[in-house]
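Peer 1: After the structure tokens below, expect a handful of questions from me.
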Ligand SMILES: [Zn+2]
């Protein structure tokens, strides 16, 4: 059985979701779900100290993206030698932007600011743990993993 790379940050299965935390006072949503442990809301206008776990929307819109040309920090793992891959920052209806790798087989050529992306869960490039990724929607272009962009 394949386990999530980080327990409690996302669910697995056919319709995976990221797990966030929502301030019960001002309803601000946070991801990753580490705000409750800090004990206070990061909204400077809010004195809330109680948070509830919420499942975040599975679809959002691409806010920004990049080719990762350097070794990413945890929780991302990359093969050695390092191969560039695409990272997408996707804005969810909850008003937060969540960074993630782009789903296997997709690259920066499949991404467009404002286009829809959907959360998927795939094995990491290294090891057998699962990590969340962003699947570009409405793109017919598929590149092989690791294939160089044609420029
Ligand atoms: Zn708050």
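The values are calculated or read from the model by the stated rules, or taken from the named source; none is laboratory data. Fair warning: this is a prediction, and the values are worked out from it, not measured in the lab. Neighbour counts are summed over all protein chains in view; Cβ atoms, including those assigned to glycine, are modelled from backbone coordinates with ideal geometry.
Peer 1: Does residue 44 satisfy being touching a strand residue (DSSP E or B) at 6+ places or on another chain (Cβ under 6 Å) and either crowded, with 16+ Cβ neighbours inside 10 Å or free of Cβ contacts under 8 Å to residues at least 12 places away in the same chain (or both)? So that I can check it myself, show each step before the final result.
Peer 2: Numbers: touching a strand residue (DSSP E or B) at 6+ places or on another chain (Cβ under 6 Å): no; either crowded, with 16+ Cβ neighbours inside 10 Å or free of Cβ contacts under 8 Å to residues at least 12 places away in the same chain (or both): yes.
Answer is no for this residue.
Peer 1: Being under 19 Å from residue 99 (Cβ atoms), outside any strand (DSSP E or B) and within 16 Å of the ligand (Cβ to nearest atom) is the filter here; which residues of segment 1-54 pass it?
Peer 2: 28, 31, 33, 34, 35, 42
Peer 1: Residue check: is residue 68 at pLDDT 75 or above and exposed (fewer than 11 other Cβ atoms within 10 Å of the Cβ)?
Peer 2: Values: at pLDDT 75 or above: yes; exposed (fewer than 11 other Cβ atoms within 10 Å of the Cβ): no.
Considered against the rule, which asks whether it is at pLDDT 75 or above and exposed (fewer than 11 other Cβ atoms within 10 Å of the Cβ), residue 68 comes out as no.
Peer 1: Mind checking which pairs have a first residue in segment 120-138 that is at positive phi and a second that is surrounded by 14 or more Cβ atoms within 10 Å (Cβ to Cβ), Cβ under 7 Å, 6 or more apart or different chains?
Peer 2: 127/77; 138/115; 138/116
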